[in-house]
Amino acid sequence: MKFDKIQIRVRYGETDQMGVVYHGNYALYLEMGRIEWLRKLGISYKSMEENGIMLPVVSLNINYKKSACYDDVINVKTQLKKTPTAKIEFEYEITNENEEILTTAETTLVFIDVKSNRPVKAPKYILDALEEKKITFL
């Protein structure tokens, strides 16, 4: 699994009066892509939290190239940049149905121990899953 791709249909409530996706909603699309990428790896945010690990976003960089509009079907491609340490980094590409790039983005998240509220190394079960699925990096 080099990358994962999900499809989303833009809902009316995600747009402004011009029918264009409000810029803040792209962070939600990235989260949806990231959650599904992890789920296909066999890991859920819920299970991580139940095991005492939070994964907050500490960096978000979005480059808007073209607008997505109401009722468009967009594709969110999510890819891991490198082996996780105390942080995990993703790259994204959002395209429309014609495969035109609408947005590119990067996020960095940090593994946080719930009890100490301090960064910790990536859990072994995540590293094992990456190895088992033979995940390749950029």
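The values are calculated or read from the model by the stated rules, or taken from the named source; none is laboratory data. Just so it is clear, the structure is predicted and the values come from calculations on it, not from any experiment. Reconstructed Cβ throughout: ideal geometry from the backbone, glycine too, with neighbour counts over all protein chains shown. What goes into the accessible areas is simple: the full protein's heavy atoms, side chains included, and nothing from ligands, DNA or RNA. Shrake-Rupley method; radii C 1.70, N 1.55, O 1.52, S 1.80 Å.
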Filter region 110-131 for residues that are surrounded by 15 or more Cβ atoms within 10 Å (Cβ to Cβ) and in contact with a helix residue (DSSP H, G or I) (Cβ under 8 Å, 6 or more places away or on another chain) and give the result.
PRO123, ILE126, ALA129, LEU130
Given the structure, is GLU97 part of a strand (DSSP E or B), modelled with pLDDT of 95 or more and more than 14 Å from ILE53 (Cα to Cα)?
no
How many residues are over 22 Å from MET48 (Cα atoms), open to solvent by less than 10 Å² (accessible area, probe 1.4 Å) and not hydrophobic (A, V, I, L, M, F, W, C) when one looks only at region 100-109?
1
Would you mind listing the strands (runs of 3 or more DSSP E) fully within region 1-91 where at least 2 residues are open to solvent by less than 50 Å² (accessible area, probe 1.4 Å)?
4-9, 73-80
Kindly indicate whether any position in region 2-15 is of a type in the set (S, T, N, Q), out of contact with any Pro (no Cβ under 9 Å at 6 or more places or on another chain) and at pLDDT 95 or above.
yes
Scanning region 52-71 residue by residue, those within 13 Å of the chain's Cα centre (by Cα) and among the small types (Gly, Ala, Ser) turn out to be SER59
